[in-house]
């Protein structure tokens, strides 16, 4: 599992000396932000209040305050998010998006705001496999993923046979749907980054657990239409929030102190 100290260290790894007075003023402009609301603890719908909450919402609220802009939130499915942002339908996208070269051909990324590791999320009583190799060796086991995501490609190329149509991969529109299928026994494994994995385990009261060793690392960034004038100010704000400990405090709140419901 990813421990808080490791996350905090990653958050501060690329911080630079940026001070509040150096940040640009966006003069109260509206910034339309699209998200999926299905990725606890980064962003999700609180079942008790019905409100969208999470680490990314709190981070973006602080970024907006320091840069003087108004966040306007809209919701979209993961598979539509990058195409929609790339064509300028939205100003910014956030949902724990891994920074990758192929995606950077379509959108601009911010500097990383968080680093995580790919992990294996399974039911709490799972004993048939304990790592990627033993999962792959059992042809009766199924993995769930969203098409076009990093977990999908890890399942295809790092765990299975490289066939993107492999029948052992069950596709879901949302990450939350894949976790629900895992809990109900329709699939046996969900590959996810440690950020979401830790969140779901914490909320499951023992129904879910993580197994095996982490499989590589991921850097998360916000996405923008190519050439967006928001990239530079958002980057400056991210660096300031890393440097002054704000992101570290948010990580403690959402990864250690908050009991996720649902």
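The values are calculated or read from the model by the stated rules, or taken from the named source; none is laboratory data. From a predicted model like this one, the values you see are computed outputs, not experimental measurements. Counting neighbours? That spans all protein chains shown, and the Cβs are built from the backbone with ideal geometry, glycine included.
Tabulated data
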read-out	value
Filter result (within 19 Å of the chain's Cα centre (by Cα) and modelled with pLDDT under 90) within the range 15-41	38, 39, 40, 41
Conditions (1) modelled with pLDDT of 95 or more; (2) crowded, with 16+ Cβ neighbours inside 10 Å; (3) assigned to a helix (DSSP H, G or I): number failed by residue 210	(3)
Hey, residue 219 in a strand (DSSP E or B) and over 24 Å from residue 136 (Cβ atoms) or not	yes
Residue within the range 242-254 that is at negative phi, in the same structural domain as residue 35 (by TED's automatic domain parsing), at pLDDT 95 or above and out of contact with any helix residue (DSSP H, G or I) (no Cβ under 7 Å at 6 or more places or on another chain) present	yes
Residue check, residue 228 under 30 Å from residue 71 (Cβ atoms), in a loop (DSSP other than H, G, I, E, B) and touching a residue at least 12 places away in the same chain (Cβ under 8 Å)	yes
Any chance residue 57 is assigned to a strand (DSSP E or B), under 30 Å from residue 145 (Cβ atoms) and under 20 Å from the mean Cα position of the chain (by Cα)	no
The one condition in (1) touching a helix residue (DSSP H, G or I) at 6+ places or on another chain (Cβ under 9 Å); (2) surrounded by fewer than 20 Cβ atoms within 10 Å (Cβ to Cβ) that residue 146 fails to fulfil	(2)
